[in-house]
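Worksheet for the structure shown next.
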Amino acid sequence: TGASELRRGKFEQARGGTLLLDEIGEMPLALQAKLLRVLQEKEFSRVGGHETIAADCRIVAATNQVLEKAVGQGRFREDLYYRLKVVVIDIPPLRERSEDIPSLVDHFLDNINREHGFAIRGLSPDALSSLRAHDWPGNVRELENVLVRAAAMSPSRLLTTEDLPFSGPREPNDYPSMSLEEIVVVKLREYLDRQGDSPPGDLHQRVLEMVVKPLIE
């Protein structure tokens, strides 16, 4: 392996604690087999090592994919799926739990103020209503991104609807009053809605190709 020094992997670092396997649905099949072996045998060896070490940690796996579908498509091992599926916590998308938004806003603004040196006091009632009315296709990460952007661009310590990249659902007849970025967001959502649950794998490249020609013209 070329290992020239002692390297403690994630399982060893998490001994006696919890190991979070985020985005487990993206794990390559070869690595899934190795993970399954550790979960079954409860032991592992370091990279380049020969000593067998006991795996003693709680496993929490997270994904935004439907793993049952991934199993059916051969992208996720069925035996690993059932090994991990002991206690399932299903977190609904943000659009289905708008009552959580005020608490999430407070949490993110505290982090933003601390990390970036801002002094944002909060949101106006209209801005908070706008956040609760948004459909949040990007879930909690999108909310955090919106707040970081608003905090960075706002001239005030109180964020208003003018600081947000949206003020509720926008209709095509609003195009004259919308920014180019807002129009792109609307059209992308319409395109993805037409694709259903199977957006093209080359979506990024396809969108770039559609934009380049009119941009040049």
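The values are calculated or read from the model by the stated rules, or taken from the named source; none is laboratory data. Source: prediction; values computed, not measured. Quick reminder, even Gly has a Cβ in these numbers, built from the backbone with ideal geometry, and neighbours come from all protein chains shown. Ligands, DNA and RNA are excluded from the accessible area calculation, which covers all protein heavy atoms including side chains. Shrake-Rupley method; radii C 1.70, N 1.55, O 1.52, S 1.80 Å.
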Next on the checklist: If I ask for residues that are open to solvent by 60 Å² or more (accessible area, probe 1.4 Å) and outside any helix (DSSP H, G or I), which ones from segment 9-42 would you list?
Outcome noted: ARG15, GLY16, THR18, LEU20, ASP22, PRO28, LYS42
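Among what's in segment 121-165 and is assigned to a loop (DSSP other than H, G, I, E, B), of a type in the set (Gly, Ala, Ser) and in contact (Cβ under 8 Å) with a residue 12 or more places away in the chain, pick the residue that is farthest from GLU96 (Cα to Cα).
In this case the residue turns out to be SER154.
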Checklist entry - Quick one: what pairs do we get from segment 1-25, first residue under 22 Å from ARG58 (Cβ atoms), second at pLDDT below 75, C-beta under 6 Å, 6+ apart or different chains? => result PHE11/PHE44
Next on the checklist: Give me the residue from segment 43-63 that is surrounded by 13 or more Cβ atoms within 10 Å (Cβ to Cβ) and of a type outside the set (A, V, I, L, M, F, W, C) and, out of that set, nearest to PHE76 (Cα to Cα).
Outcome noted: THR63
Checklist outcome for this item: Only unsatisfied item for HIS107, checking (1) in a helix (DSSP H, G or I); (2) under 16 Å from the mean Cα position of the chain (by Cα), is (2)
Checklist outcome for this item: For VAL71, the lone unmet condition from (1) more than 25 Å from THR18 (Cα to Cα); (2) among the β-branched types (Val, Ile, Thr); (3) touching a residue at least 12 places away in the same chain (Cβ under 8 Å) is (3)
Checklist entry - Which residues, taken from segment 137-188, are in contact with an Asp or Glu (Cβ under 8 Å, 6 or more places away or on another chain), modelled with pLDDT under 75 and loosely packed, with under 14 Cβ neighbours inside 10 Å? => result PRO169
